[in-house]
Amino acid sequence: MDGRGLGVTLTRHIWEEQQIHPEATGEFSDILNQVAWAAKVISREVNKAGLVDLLGYTGERNVQGEEVLKLDRYANEVWMSVLRHSGHFCILASEELAEPVVFPPKWRKAKYAIAIDPLDGSSNIDVNVSIGSIFAIHRRVSEGDEGTPDDLLQPGRRLAAAGYVVYGSSTILVLSTGNGVHGFTLDPSVGEFLKSHPDIRIPARGKTYSVNEGNFPYWSEGVRRFVAHMKEKDSSSGRPYGARYIGSMVADMHRTLLKGGIFMYPADTKDPRKPHGKLRLLYECAPMAFLCEQAGGAASTGQGPVLDVVPESLHQRVPFFAGSVENVREAEEFIAQYDGSA
Ligand code: P6P
């Protein structure tokens, strides 16, 4: 809270960034306010899903082959509507849609492309566990009237902005426009996101690891040895580490950003259709990797930085190891030693 007890809103935060970083344009203020608007609407519905028949399944399956929950479809529709009418985006990719959506040219030439996971972790909705939305915003590279997939298939290193919303005990928007990572908590009494987590920094090393250990038999030798290493008793290095796994990437990554440690979804041999793990590059791993690096952490495929991966397809999956720099480097060392470089 500042001296007048009013708190710092998203709009004021962007204005303050403009004073420090002149390259930050006022356009981002409007973009982030549109993102905040979508987050407020979804937060309202998530918090009462059980009361308005938004729980349960639609009976449909999405491009991932996953059963679509009513709230998944609702969230996708909210994001699509808000982003389409913002005028800032020429093309959108969504976890829920097989193909990208090209937004028709408007009164101004849209300068950005956006990839979203409208409601991540949705399998947790019915059991009231935190879920989230993830967004990744690229500067447009196409020259024509309409956006093209090339605007989306850019390496995360080029992201203009990225962030997530976690719908939990409170609704928190965490974002970066390339000038550090900042968190804003929704004050539902005034419908405003107020800065609550200025300049988030990930500790260099953490003592928490977050992974679905049910996949242990399907991991490479390097990953199995790395996880076993963190569970060994060695008080001089603070091992064994604590295990925390929610099964909702946004919630697991939010904890990792704030507390340090490592979140992982390694490649596994469980499903031959998904040889590179479960998490998608464009709208899960790249935006989270952007935030990690902006917060002084790291995010790796196990072979190298996630942000350097050049996407080949919209729904491409990559192995994901993210969080404290020292923990991620250790994962890479075990993989290099026992699995060799790919
Ligand atoms: P598993 C949710 O479905 C999700 O995409 C991520 O939010 C989460 O990290 C992961 O899948 C959980 O997958 O296989 O551990 O249930």
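The values are calculated or read from the model by the stated rules, or taken from the named source; none is laboratory data. Computed from a predicted structure; not experimentally measured. Using ideal geometry, Cβ is built from the backbone for each residue, glycine included, and neighbour counts are taken over all protein chains shown.
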Some residue of region 263-275 being in the same structural domain as Arg225 (by TED's automatic domain parsing), more than 15 Å from the ligand (Cβ to nearest atom) and within 14 Å of the chain's Cα centre (by Cα): no
Cross-chain or 6+ apart pairs with Cβ under 7 Å, region 284-301 first and at positive phi, then at pLDDT 95 or above and in a loop (DSSP other than H, G, I, E, B): Gly296/Arg201; Gly296/Ile202
Residue under evaluation Gly242, criteria (1) within 16 Å of the ligand (Cβ to nearest atom); (2) farther than 22 Å from Ala93 by Cβ, criterion not met: (1)
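For (1) at pLDDT 95 or above; (2) out of contact with any Pro (no Cβ under 8 Å at 6 or more places or on another chain); (3) under 19 Å from Tyr209 (Cα atoms), each residue gets a yes or a no:
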{"position": "Ala299", "(1), (2), (3)": "yes, no, yes"}
{"position": "Gly304", "(1), (2), (3)": "yes, yes, no"}
{"position": "Leu307", "(1), (2), (3)": "yes, no, no"}
{"position": "Pro311", "(1), (2), (3)": "yes, no, no"}
{"position": "Leu314", "(1), (2), (3)": "yes, no, no"}
{"position": "Arg317", "(1), (2), (3)": "yes, yes, no"}
{"position": "Val328", "(1), (2), (3)": "yes, yes, yes"}
{"position": "Tyr338", "(1), (2), (3)": "yes, yes, no"}
{"position": "Ala342", "(1), (2), (3)": "no, yes, no"}
Members of region 90-138 that are over 22 Å from Val165 (Cβ atoms), at pLDDT 90 or above and either exposed (fewer than 14 other Cβ atoms within 10 Å of the Cβ) or within 15 Å of the ligand (Cβ to nearest atom) (or both): Ala98, Glu99
Positions within region 166-178 being surrounded by 15 or more Cβ atoms within 10 Å (Cβ to Cβ), polar (S, T, N, Q) and out of contact with any Leu (no Cβ under 6 Å at 6 or more places or on another chain), in sequence order: Thr177
